[in-house]
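Visitor: The structure that follows is given in the form of structure tokens.
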Amino acid sequence: MNEMSELRKQNIAVTGGAGFIGSHLIERLMKMDNQITVFDNFSSGIREFLEPFQGHENFTLVEMDLLDAALLEERLKGYDWVFHLAANPDVRLGASNTYVHLEQNVIVTYNILEAMRKNGLDKIVFTSTSTVYGEADEIPTPEEYGPLIPISLYASSKLASEGFITAYCSNFGMSSYLFRFANVVGPRSTHGVIYDLVNKLKKDSATLEILGSEPGTQKSYLYISDCIDGMIFACENSCEMANIFNIGSRDHISVKTLANSVCEAVGLSKVSYRWTGGVDGGRGWKGDVKIMLLGIDKLKKLGFVPAYGSSDAVLKTAKSLVE
């Protein structure tokens, strides 16, 4: 078993730090007096998200492609922690491009692990996903649930990455923190159902097209501050070789309930919903999980409880996107 570590005054590398979750994570880690280096190629990250940190003595940006294994080995040296958030986040893309998640999620993760192994780095934090569970029979779904049968290529790439990480930890003396997130939402969201619906309502305030069939899928929505708080709390309060945690809200809601909250945030009360009908029994798209609610007892037992439920998280997010 490893020793507990405080995430303060540490030298931390963050891949994908220009993304939605990454930029919020950096904001928190910087306030904790850490030295932060962001690795990002801005394929999906937003440069403006990093502007508040530019010029700070504790912040460095390395603009590079993590598929360049040789350059990564050269640059990924001397860090206490590696927070690996870089990934292609488009779940739907796998149905039309079967290679993208293998390349940008699995191979990139392998490159990072190899660079860590060769440079003697021993702590990695990985952002995984609730979708690794597939269509779980047990709701809420605990970390011990199995077998894990992903139904999207995105989910399979995250599960494969988890496997590589734990195997490297076992073979090369590393420790890992694997976080399986519910749908993370909040200010600076760049994709997802809330983002899509807000933008649709800006273009047409009378009719709202919604993927799937009424009332839509039932999922848990995790507010970004709870997501970051949960990650940091687990890193500082758990010290196994492989620390696997679900992070989600305590409830789940339908897409119809979510749409009602989005309309409220936009200030509209008489919007007509047009459901597309969806695929495979009303899913929004191929590989879309119909019911997702994560069991969070493992984190609760350590002392962490999320502050927001799904409805609050959705409403706060929609308001921030409208503003």
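The values are calculated or read from the model by the stated rules, or taken from the named source; none is laboratory data. Note that the structure is a prediction, hence the values are computed from the model and not measured. So basically every Cβ, Gly included, is an ideal-geometry build from the backbone, and we count neighbours across all protein chains shown.
Visitor: Hey, could you check the range 113-152 for residues that are in a helix (DSSP H, G or I) and surrounded by 22 or more Cβ atoms within 10 Å (Cβ to Cβ) and say which is nearest to the chain's Cα centre (by Cα)?
Guide: From the range 113-152, those in a helix (DSSP H, G or I) are 113-119, 130-133; that's our starting set.
Next cut, surrounded by 22 or more Cβ atoms within 10 Å (Cβ to Cβ) only: 113, 115-116, 130-133.
Working: LEU113: 19, ALA115: 23, MET116: 22, SER130: 9, THR131: 11, VAL132: 12, TYR133: 15 Å.
Residue satisfying both the conditions and the ranking: SER130.
Visitor: Among the numbered criteria (1) more than 22 Å from ILE165 (Cβ to Cβ); (2) at pLDDT 95 or above; (3) under 18 Å from the mean Cα position of the chain (by Cα), which one does LEU294 miss?
Guide: (1)
Visitor: Does GLU144 meet the test of being among the charged types (D, E, K, R) and free of Cβ contacts under 8 Å to residues at least 24 places away in the same chain?
Guide: Answer is yes for this residue.
Visitor: Of all residues in the range 31-44, which are modelled with pLDDT of 95 or more and closer than 24 Å to GLU74 by Cα?
Guide: Hits for the range 31-44 are ASN34, GLN35, ILE36, THR37, VAL38, PHE39, ASP40, ASN41, PHE42.
Visitor: Scan the range 185-239 residue by residue and report those that are under 19 Å from LEU321 (Cβ atoms), in contact (Cβ under 8 Å) with a residue 40 or more places away in the chain and among the acidic types (Asp, Glu).
Guide: GLU209, ASP226
Visitor: Only one of GLU214, GLU209 is over 20 Å from the mean Cα position of the chain (by Cα), assigned to a strand (DSSP E or B) and surrounded by fewer than 21 Cβ atoms within 10 Å (Cβ to Cβ). Can you tell me which?
Guide: Just a single option satisfies the conditions, and that option is GLU209.
Visitor: For the range 309-323, enumerate the residues that are surrounded by 13 or more Cβ atoms within 10 Å (Cβ to Cβ), over 17 Å from the mean Cα position of the chain (by Cα) and more than 14 Å from GLN218 (Cα to Cα).
Guide: Matches in the range 309-323: ASP312, LEU315, LYS316, ALA318, LYS319, SER320, LEU321, VAL322.
Visitor: I'd like the full set of residues that are under 14 Å from ARG188 (Cα atoms) and either assigned to a loop (DSSP other than H, G, I, E, B) or free of Cβ contacts under 8 Å to residues at least 24 places away in the same chain (or both), limited to the range 45-59.
Guide: The answer is GLY45, ILE46, GLU48, GLU51.
Visitor: Let me ask something additional. Could you please let me know if ASN171 is part of a loop (DSSP other than H, G, I, E, B), in the same structural domain as SER238 (by TED's automatic domain parsing) and either over 16 Å from the mean Cα position of the chain (by Cα) or not β-branched (Val, Ile, Thr) (or both)?
Guide: The answer is no for ASN171.
Visitor: Out of GLY16, GLY55, I need the residue that is surrounded by 17 or more Cβ atoms within 10 Å (Cβ to Cβ) and among the small types (Gly, Ala, Ser). Which one?
Guide: Only one candidate qualifies: GLY16.
Visitor: Among the residues of the range 269-302, write down those that are out of contact with any Asp or Glu (no Cβ under 7 Å at 6 or more places or on another chain), over 27 Å from TYR154 (Cα atoms) and assigned by TED's automatic domain parsing to the domain that holds LEU208.
Guide: Those that are out of contact with any Asp or Glu (no Cβ under 7 Å at 6 or more places or on another chain), over 27 Å from TYR154 (Cα atoms) and assigned by TED's automatic domain parsing to the domain that holds LEU208: SER269, LYS270, VAL271, SER272, TYR273.
Visitor: Would you tally the residues in the range 240-269 being in contact with a Cys (Cβ under 9 Å, 6 or more places away or on another chain) and without any contact (Cβ under 8 Å) to a residue 60 or more places away in the chain?
Guide: 1
Visitor: Let me confirm something: among GLU74, GLU6, which residue is surrounded by fewer than 16 Cβ atoms within 10 Å (Cβ to Cβ) and in the same structural domain as CYS227 (by TED's automatic domain parsing)?
Guide: Result of the check over GLU74, GLU6: GLU74.
Visitor: If I filter the range 182-201 down to residues being surrounded by fewer than 22 Cβ atoms within 10 Å (Cβ to Cβ) and touching a helix residue (DSSP H, G or I) at 6+ places or on another chain (Cβ under 6 Å), which single residue comes out as nearest to PHE49 (Cα to Cα)?
Guide: This residue is ARG188.
Visitor: Taking the range 70-88, which residues are assigned to a loop (DSSP other than H, G, I, E, B), farther than 17 Å from ASN105 by Cα and among the hydrophobic types (A, V, I, L, M, F, W, C)?
Guide: LEU76
Visitor: Going through the range 89-104 one residue at a time, which ones are assigned to a helix (DSSP H, G or I) and either hydroxyl-bearing (Ser, Thr, Tyr) or buried (at least 21 other Cβ atoms within 10 Å of the Cβ) (or both)? Can you show your working first?
Guide: Of the residues in the range 89-104, the ones assigned to a helix (DSSP H, G or I) are 91-95, 100-104.
Within the range 89-104, VAL91, GLY94, HIS101, GLN104 qualify.
Visitor: How about the range 221-234: which of its residues are closer than 11 Å to TYR177 by Cα and either touching a Cys at 6+ places or on another chain (Cβ under 7 Å) or surrounded by 22 or more Cβ atoms within 10 Å (Cβ to Cβ) (or both)?
Guide: Passing the criteria: only MET231.
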